[in-house]
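Comments concern the structure below.
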Amino acid sequence: MRKKTAARLTIYAGREKGRLFLLFLCALTAGVIDIISPYLLGRAVDFYLSDGSVDFSGLAHLLLLLASMLALHTLTSAAVYALSVKTANRIVKRIRADAFEKLTDLPVSYYDSHSHGDVISRFINDADMLAEGLLQGITQLFLGIVTVAGALIFMLRIDGAVTLAVVLVSLLTFAVAASVTVFTGKYFKNQQRLTGSLTGYTQEYVAGAKTVKAFSMEEQVQGEFDEISEQLREAGQKAQFVSSLSNPTTRFVGNLAYISVGLVGGLISQLSAGGISSLILYAAQFERPFNNFTAVTTQILAAAAAARRIFELIDESPQPPDLAEEKLGQAKGEVEFKNVEFSYSKDRPLIKDLSIRVRPGERVAVVGPTGSGKTTLVNLLMRFYDTGAGQILIDGRDIFKCERDDLRRQFSMVLQDTWLFEGTVEENIAYGKPDAAHEEVVAAAKAAGAHGFIKRLEKGYETVISEEGENLSAGERQLLTIARAMLKDAPMLILDEATSNVDTLTESRISKAFLKMMKDKTCFVIAHRLSTIRESDLILIMNEGRVVEQGTHDELMSRNGFYEGLYNSQFTAV
């Protein structure tokens, strides 16, 4: 485990001082009992059986004492395990919380550039692997320290020469295990990386299963899945195989300790049968943590790789802080782009010297070919991304100097990709205004044309929406997001293919609601349907990051320019 990762885990563990201290006391008790038992058994061999007769009374007393001690040993060992489980889970809970807190503070660019499945894998697979590694590490650490220290003390009391032989063999065992550990670290890291990739690919398929089936791509998808799965199998097999090599090796070396006890204790030190019996048991105890080192290390290495992946997320650069704390208050809705430039990557500029001005209450349609910068315009306006050059002004104030949260409160958004969470219909509509009264929610739903289908649901507004709204049709999900935007009633509105998932009849039913919602609001309509575009106060035609034409529908059609060609090619069929 890298020093930085180990140090960070130690800091998290330090918050559990009380439980760790109690765990140590339980481990100490279990270890002391474990260590005293061989000594008592050795005494039994020497003092009760050496003269050929058996003192049954003394033996019964000794066995009763041992039984009591073993019962206490069982209880304290169970306590060690229970405390280890609780401590490990509490540590991982804190790490997960810190990771999720960072997730909420990351810029939108992080989500655009990282596999969502891989991010989820860090929270679930990696966190579970870390918990298992911590559990084994904590348990073996405390029990191992007590066992090694106690066995060493008792062996020294019996015979120093034998103790030296056992220690030397144990150090050799540790050296072998440590060598394998260093070698296998890279394999476990690769295994966790591929686990994240497989999780991401599986999530991608589940989200797009209908599309895959519609294009009959099941065979290709299966092939790609099998390829990643095979890579994961090979990585896991290599990691487990290499780490398993140390197990038979260390046990072989460890068995030399028993031979050493017999040779040195019997031939050189000439110990009694009881003394040799005790030393063999102590040698086994002393060797046990070193022999277990391999199995435990396998889990700890996997946990270390998992911890590094989680800490990589925690170490991601957060969203840059607001440079100023200006508030827009209730914006009037005047928007101006002044010489704005932007690119997602330095070698591929997208927005170039963009300048537009939108008066309060105007309805602006933004159309253009794919990749022309339409949605990027919204990303910049909402400060999901910041401009590379130029300014964006709202009511004459630079949005770069305004609080992001305050800026975003000025907008309601309806996007093509609907997002609903697992909760009631009412909770989903009220997402942007959680303190809204039930009557307000119903009014927004009626305005959006959603009230009718909501009342037909089994529990109406209290119906629980399943994950991602799978128990609703695409059109119904879109209507709920429209109702959500209407309830928020922000001074500015962004519609990005807002009725793309509703049929023509439903669209005509909510068109009046849209007009009502747009009244006295500055509206940006991205690549919307024909009717909304035709009614816009201003149409911006974007191509290759520039506004190449602007005007009303009639003005643009009369110019016989780019818009007319785009209109005829994209909308005539409609």
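The values are calculated or read from the model by the stated rules, or taken from the named source; none is laboratory data. Since we're looking at a predicted model, the values are computed, not measured. Please note: Cβ atoms are built from the backbone with ideal geometry, for glycine as well, and neighbour counts cover all protein chains shown.
Scanning the range 149-175 for residues that are buried (at least 20 other Cβ atoms within 10 Å of the Cβ) and either over 23 Å from Ala239 (Cα atoms) or of a type outside the set (S, T, N, Q) (or both) returns Gly150, Ala151, Phe154, Met155, Ile158, Asp159, Val162, Thr163, Ala165, Val166, Val169, Ser170.
Using the structure shown, decide if Gln192 is assigned to a helix (DSSP H, G or I), closer than 24 Å to Val85 by Cα, among the polar types (S, T, N, Q) and not assigned by the TED database to the domain that holds Arg90. Break it down stepwise before answering.
Numbers: assigned to a helix (DSSP H, G or I): yes; closer than 24 Å to Val85 by Cα: yes; among the polar types (S, T, N, Q): yes; not assigned by the TED database to the domain that holds Arg90: yes.
So Gln192 passes the test.
Restricting the range 439-476 to residues that are of a type in the set (D, E, K, R) and either at pLDDT below 85 or not assigned by the TED database to the domain that holds Phe514 (or both) leaves a set whose member that is surrounded by the most Cβ atoms within 10 Å (Cβ to Cβ) is Glu476. State yes or no: is Val169 outside the structural domain of Ile91 (by the TED database) and of a type outside the set (Phe, Trp, Tyr)? Spelling it out, Val169 is indeed outside the structural domain of Ile91 (by the TED database) and of a type outside the set (Phe, Trp, Tyr). Annotation: Thr29 fulfils all but one of (1) buried (at least 16 other Cβ atoms within 10 Å of the Cβ); (2) at pLDDT below 80; the unmet one is (2).
Within the range 308-332, being within 26 Å of Cys402 (Cα to Cα) and basic (Lys, Arg) holds for Lys327, Lys332. Look at (1) part of a strand (DSSP E or B); (2) in contact (Cβ under 8 Å) with a residue 40 or more places away in the chain; (3) loosely packed, with under 14 Cβ neighbours inside 10 Å and you find that Arg357 fails only one, number (2). Give the residues of the range 396-420 that are more than 22 Å from Met518 (Cα to Cα), touching a helix residue (DSSP H, G or I) at 6+ places or on another chain (Cβ under 9 Å) and part of a helix (DSSP H, G or I), sorted by residue number. Within the range 396-420, just Ile399 meets the criteria. All of (1) crowded, with 22+ Cβ neighbours inside 10 Å; (2) outside any strand (DSSP E or B) hold for Tyr385 with one exception: (1). Identify, please: which residue in the range 366-389 is over 16 Å from Met413 (Cβ atoms) and either among the β-branched types (Val, Ile, Thr) or touching a Ser or Thr at 6+ places or on another chain (Cβ under 8 Å) (or both) and is, among those, modelled with the lowest pLDDT? Per the criteria, the residue is Thr370.
Could you check the range 66-119 and list, in sequence order, the residues that are of a type in the set (Val, Ile, Thr), without any contact (Cβ under 8 Å) to a residue 60 or more places away in the chain and under 22 Å from Leu198 (Cβ atoms)?
Answer for the range 66-119, where residues must be of a type in the set (Val, Ile, Thr), without any contact (Cβ under 8 Å) to a residue 60 or more places away in the chain and under 22 Å from Leu198 (Cβ atoms): just Val92.
Restricted to the range 103-162, and to residues there that are out of contact with any helix residue (DSSP H, G or I) (no Cβ under 6 Å at 6 or more places or on another chain) and small (Gly, Ala, Ser), the residue that is nearest to Phe286 (Cα to Cα) is Ala149. Scanning the range 519-538 for residues that are under 16 Å from Asp496 (Cβ atoms) and at pLDDT 80 or above yields Lys521, Thr522, Cys523, Phe524, Val525, Ile526, Ser536. When each of Ala302, Ala283, Ala306, Ala324 is tested for being of a type in the set (Gly, Ala, Ser), at pLDDT 75 or above and over 30 Å from Ile91 (Cβ atoms), the lone residue that passes is Ala283. Scanning the range 421-453 for residues that are part of a helix (DSSP H, G or I) and either under 19 Å from Asp489 (Cβ atoms) or within 34 Å of the chain's Cα centre (by Cα) (or both) yields a total of 20.
Against the condition assigned by the TED database to the domain that holds Ile541 and part of a strand (DSSP E or B), how does Val366 come out, does it pass? So Val366 fits the description; yes.
Would you pick out the residues in the range 84-140 that are part of a helix (DSSP H, G or I) and of a type in the set (Ser, Thr, Tyr)? Residues satisfying the conditions are Ser84, Thr87, Thr104, Ser109, Tyr110, Tyr111, Ser113, Ser121, Thr139.
Looking across the range 1-23 at every residue that is surrounded by 16 or more Cβ atoms within 10 Å (Cβ to Cβ) and modelled with pLDDT of 85 or more, the one that is nearest to Phe286 (Cα to Cα) is identified as Leu23.
Tallying residues that are in contact with a Gly (Cβ under 9 Å, 6 or more places away or on another chain), free of Cβ contacts under 8 Å to residues at least 60 places away in the same chain and surrounded by 15 or more Cβ atoms within 10 Å (Cβ to Cβ) within the range 413-425 yields 1.
Restricting attention to the range 480-505, the residues that are in a helix (DSSP H, G or I) and at pLDDT below 85 total 2. Within the range 430-454, residues that are at positive phi reach partners that are in a helix (DSSP H, G or I) and surrounded by fewer than 16 Cβ atoms within 10 Å (Cβ to Cβ) with beta carbons closer than 7 Å, at six or more positions or on different chains, in the pairs Gly449/Arg509. Kindly evaluate Pro360 against the criterion of being farther than 30 Å from Leu472 by Cβ and at pLDDT below 85. Criteria not met by Pro360.
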